[in-house]
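One structure below.
The values are calculated or read from the model by the stated rules, or taken from the named source; none is laboratory data. In this text, all values refer to a predicted model and were calculated from it rather than measured experimentally. Every residue, glycine among them, receives a Cβ derived from its backbone with ideal geometry; neighbour counts consider all protein chains shown. Remember, those area values only see protein heavy atoms, side chains included, never the ligands or the DNA or RNA. Shrake-Rupley method; radii C 1.70, N 1.55, O 1.52, S 1.80 Å.
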Amino acid sequence: MRRIFLLCLLVSLIASACRLKPKDGLNWDQNLVAPILQSRVGLDDALSDSSVTQVNPDNSITVVFRDTVVDLALSDYLVVPDTSFGAKVTLDSISLSTDTLEQDITLGQIARQLIDQGNLFGNTILNSHGSNLGFLPPLDDLSSDDVAIDASQFFDEADLISGWMVVEIDNRLPVDINSVTFHLRNDGVLLDTLVRKTIAPIPKNQFRSDSADLANQTVESQMAGQLEDIDIAGGFNVPIDTNDFLRLRVIVRDLGASRATAVFPAQTVLDDDSRINYQFDNDLQITRIRVKSGELRINAISTIQDTIAFTYSLPTALLNGQPVVVVDRLEPDTITGIAEANVLFQLADYYIDMTLNGDSINLFPYKLVGDLLYSGRKNTMDLSDSIDVFYGLFDIKPAYIEGYLGQETFSFAESINLDFFNSILGGTLDLTAPKVELTVANSIGVDGELRINQMEAKNTRTGENVTLSGSIISTPTEVRGPKLPNVGQVVTTKLNLNENNSNVQQFVSLLPDQLDFDLEVLVNKNGNPALRDNFATDESRISAFLDLEVPLEGIANELVLQDTVALSISELTLPASVTDGTLKLVLENNFPFEAGVQVFFYDQGGAVFDSLFTDGMRTIPAGTVDADGFVDNPGTATLAATINQARLDDLRVLGKEAVIRFKMTTKPDGQAVKLYTTYGIDFHLVGDFRYSVDL
């Protein structure tokens, strides 16, 4: 550790024992020895970043450094795009309620109709009630009165696009019916025929039925039905009971309207099965995905005047075996009649099968169902009514994916700052055994390839550069990844840079403070789309680390170290009466390097105003190395520089800092040496001054 001492000057003046008279005017010169500065330059100064310094058991030093040059995570490799869909679903048809109407026409009513028509045989029928009539002649062209059909409790008017009417006639008269025609018509504004059907024959105590298509009919709530052209077969010895009847039953069913004002029954008005198809970049083919975070958003708007219960489901998106099911209601606004619903559904931890049971990729089905709820209220609806549905998956972050992850090349061109050699201002240290290694750690389930396009070491202090060369540059390195089912496994690939495949020794010996690199990672080079066996988790990544292990052993060539020491010149340390003298630099060199030395003096503004040796650097000998390669005898030197009054005045007035600089070269030449933490150069600067004392 640097030690900076600001030492106080103790001055002893030896006065003469003789008594002198002031009028004598005597004076004489005295010598003053003053320490100016003291410090040490060691390897702790040369290696400014102690976090990378490894001290070995023998006190030798190894620089150990790691930095990340490639870091490729799943989030860099796969982006699940926001996917939204919009669908406007209009009604295919509007279902109306099924209705049944029954009406009896008695034999007594038929008899009275005969009387009204001037056929007096009607009286015969009425008078024969409860007995047998010997002969009943055939009765033709009879008809019933209009039967009012009131459907206003169900609808006011409907434009039908489908539907059927079933007419059943049950003959409870004592004779057969040869034929009968049923006529149904609107009885309101339209006064038009809806259905006219003839049914024949109908034996007694039996019934017959027929149906009629109501498609493309407009039906009013007020209708009238009538039996026309009733032809009754005659007979002998006919038992007469005027309460016997023809029973008419009309059943209206399967009514589908394009427009209706009605009380609508509960019905499904929307049933949409479709699929979400993801378009991933780079031809990714995803078969399975587990969601880490993200949401399903649904916005639905309905113009239907009744309440709609809608259900949106993703049958292949499962959590604990249960699919995504979203249920909500569309309640129409009482003023606008518009209904709107917004739903957010969190998909975290849902597992989505994107193969449609193995038949496809990148998609999964959904189902949207809208059910009209029975309200008992009469509303208007037509086929232009619709439900607008907007739905999509947003902010999906996968926790796991599986499939074919495509092929893509990622480039990494950056710089790494190496601060630990910053205090070495120049020169080189030809290292004997530097170790440089690229370690690729891959936990993404793909194989790949690492290419070093360029790697350059820069020493910005000296302006020198060394570009990495050799077979390591021209030959890509295969990078293996884990295989299913080894999810979470990390496969490591090491790439050693040595003197056989690169100029790594020259590369590191530059003592760079910056590494520029241009790397490429080709992901999934050998991937097979048909296998779809790639995978990754949200913690998976491909990382490459640059490892430096540099034992400080080698040959120094003009290696420059320096130290800065504060100057604090006072009247006590350098009195004004000092006139001239000598500055002596005393050094003890524990490095096995011969060193040139110079001291520069800086003013308050950081400018050099003087140097200790005006004739340039002076030399100090290297320490001698014993048989074990350790300096056991330091090199020493005492270097003197004369200093006059003017230089002393500048030092006193301007002096702020002193920088002592060493330029070291291995001695003997060409002999590699190992460096230890104990190595350093101790130095102190003292002044031997002459000054005058006036009496």
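Given R₀ = 60 Å, FRET efficiency for GLU331-PHE609 by Cβ-Cβ distance, to 0.05? For GLU331 and PHE609, the calculated efficiency is 0.10.
The order of the peptides 415-424, 504-513 by mean Cβ neighbours within 10 Å, most packed first, is 504-513, 415-424. The alpha carbons of segment 221-347 stretch over 93, 40, 29 Å along the principal axes, in descending order.
The ellipsoid that matches the Cα gyration tensor of segment 399-540 has semi-axes, each √(5λ) in whole angstrom, of 36, 14, 13, with the longest given first. Here segment 349-451 is treated as a sphere whose radius is the Kirkwood value from Cα pairs; by Stokes-Einstein at 4 °C and 1.567 mPa s it diffuses with a coefficient of 57 µm²/s. What a 1.4 Å probe finds exposed on segment 512-566 is 42% carbon and sulfur by accessible area, rounded to a whole percent.
Each Cα pair under 8 Å and six or more residues apart adds its separation to the average, and for segment 568-695 the resulting relative contact order is 43 percent. Taking every C-alpha pair closer than 8 Å and separated by at least 6 residues, the mean separation divided by the residue count of the chain gives a relative contact order of 18 percent. The sum of -39500 (n - 2.57) across all DSSP H runs of n ≥ 4, divided by the residue count of the chain, sets its helix-only mean residue ellipticity at 222 nm to -1500 deg cm²/dmol. With a threshold of 26 Å on the Cα-Cα distance, the over-threshold entries among LYS494/LYS663; LYS367/LYS397; LYS458/LYS525 are LYS494/LYS663; LYS458/LYS525.
Legend: Rg and Dmax of segment 354-408, from Cα coordinates, 19.7, 62 Å.
Less than 13 Å Cβ to Cβ from GLU478, Lys/Arg counted +1 and Asp/Glu -1: what total charge do the surrounding residues give? Summing Lys and Arg as +1 and Asp and Glu as -1 gives +2. For THR477 and ASN178, the difference between the fully extended length at 0.36 nm per residue and the C-alpha to C-alpha distance is 97.7 nm. Each residue, VAL586 and LEU126, gets one label point 7 Å from its Cα in the Cβ direction; the gap between the two is 15.9 nm. In the set (1) 31; (2) 64; (3) 44, the label that goes with percent of Cα pairs over 42 Å apart computed for this structure is (2).
For segment 298-308, 3J(HN,Hα) computed residue by residue from phi via the Karplus equation (6.51, -1.76, 1.60; θ = phi - 60°) reads 10, 10, 10, 10, 10, 9, 6, 7, 10, 6, 10 Hz, glycine and proline entered as x.
Given their separation in residues at 0.36 nm each and the Cα-Cα distance between them, SER360 and VAL55 gain 103.8 nm when the chain is fully extended. Within segment 196-261, the ratio Rg/Rh, alpha carbon atoms throughout and Rh by Kirkwood, equals 1.07. In degrees between 0 and 90, to the nearest 10, how far off the longest principal axis of the chain does helix 107-116 point, with axes built from Cα atoms? With both axes taken from Cα atoms, the answer is about 60 degrees. Taken per residue, the accessible surface of the chain reaches 47 Å², heavy atoms only and a 1.4 Å probe. Here ASP688 and GLU295 are evaluated by their C-beta separation; at R0 = 56 Å the FRET efficiency comes out at 0.10.
Each Lys or Arg adds one and each Asp or Glu subtracts one; over the other residues with Cβ under 11 Å from the Cβ of ARG66, this totals -4. In the chain, the longest principal axis of the Cα atoms and the axis of helix 645-654 are about 20 degrees apart.
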